[in-house]
Amino acid sequence: MHIKWIATIVGALLGGGIFGGLIGYGIGSVIDGLINKEYNGVSREQGDFVISFLLLFAKVMKADGKVMRSELDFVRLWLDNNLGQENTQNRIELLKEFLSKDIDLNQVCSKINFTLNYASRVQLLHSLYGIALSDGDCSKEEKATIELIASLMRISEQDYKTVEAMYYKNNDSSYVILQVDKNASEDEIKKAYKRLCLKYHPDRVASLGEKAQQIATQKFQEINLAYESIKKERNFS
């Protein structure tokens with residue numbers, strides 16, 4: 001099964017056609033073995049899920065032309081927390097291989113769109129920002145790459161702006177997070193808050209595991225904080 005998988009998944013994801021992508025990738029016995037390990041004890045869907053994530057991580061990490069140790073450490077911790085420590089080193093080796101290859105974001109995001117629900121795709125943006133900011137600064141190239149990924153994952157502009165505003169604070173951040181105009185009425189703000197509470201509830205990313213839900217809960221609090229900030233500014237309850 002491994003040759004078929006490499007030809008249809010890795011080859012397609014990295015571009016150049018099915019067999020052309022396979023040859024261009026120069027998969028070799030080492031990478032072949034790494035990918036087989038990724039499928040050891042898990043379903044094909046689970047393996048595809050992990051590899052798609054690693055490809056996106058690699059795309060963001062190399063967007064500014066350099067890969068920092070802090071970024072690799074972030075991914076390692078992300079893998080440990082979200083997928084368990086088993087096979088983490090194997091996945092890091094795959095990530096390093098992906099860092100040296102051209103990645104077709106359209107193909108990768110198409111697979112993720114098929115695999116993950118909308119709320120989980122929004123949650124993934126937080127992980128991508130986490131990588132970009134792991135060295136203390138998100139470059140304009142990294143930010144542009146994340147914005148492109150959001151578009152390809154069919155994340156609405158409003159939802160993307162909500163995520164972005166959680167990392168780039170200014171006087172209007174609370175309004176951007178709640179997706180309302182600064183001149184919105186009290187009733188409009190309350191309705192927006194209730195809508196976002198339903199939309200971003202941590203239970204909606206349960207399929208990503210307990211750790212992902214914990215992270216989602218932390219980000220969910222950003223919505224509550226934004227609402228409380230506006231209530232205090234507007235003096236309503």
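Just so you know, all these numbers are worked out from the coordinates, no wet-lab data involved. From a predicted model like this one, the values you see are computed outputs, not experimental measurements. Because the Cβ atoms are built from the backbone with ideal geometry, glycine has one as well, and the counts that use them run over all protein chains shown.
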Query raised in the report: Expressed in nm to one decimal, what extension gain is obtained for the pair T88 and Q218 from 0.36 nm per residue of sequence separation less their Cα-Cα distance?
Result: 44.4 nm
Query raised in the report: How far is it, in nm, from the label point at L148 to the one at D187 when both lie 7 Å from their Cα along the line to the Cβ?
Result: 4.4
**Report entry** FRET E, pair S156, R69, Förster distance 35 Å, beta-carbon r, rounded to 0.05
**Finding:** 0.50
Query - 10 Å binning of all Cα-Cα separations within the range 159-237, expressed as whole percents from 0 upward - result: 19, 51, 24, 6
Query raised in the report: Can you put R195, R91 in order, fewest other beta carbons within 10 Å first?
Result: R195, R91
Requested in this report: Rank the residues T162, T217, T145, T88 as a footprinting-exposure proxy: fewest other Cβ atoms within 10 Å of their Cβ go first.
Outcome: T217, T88, T145, T162
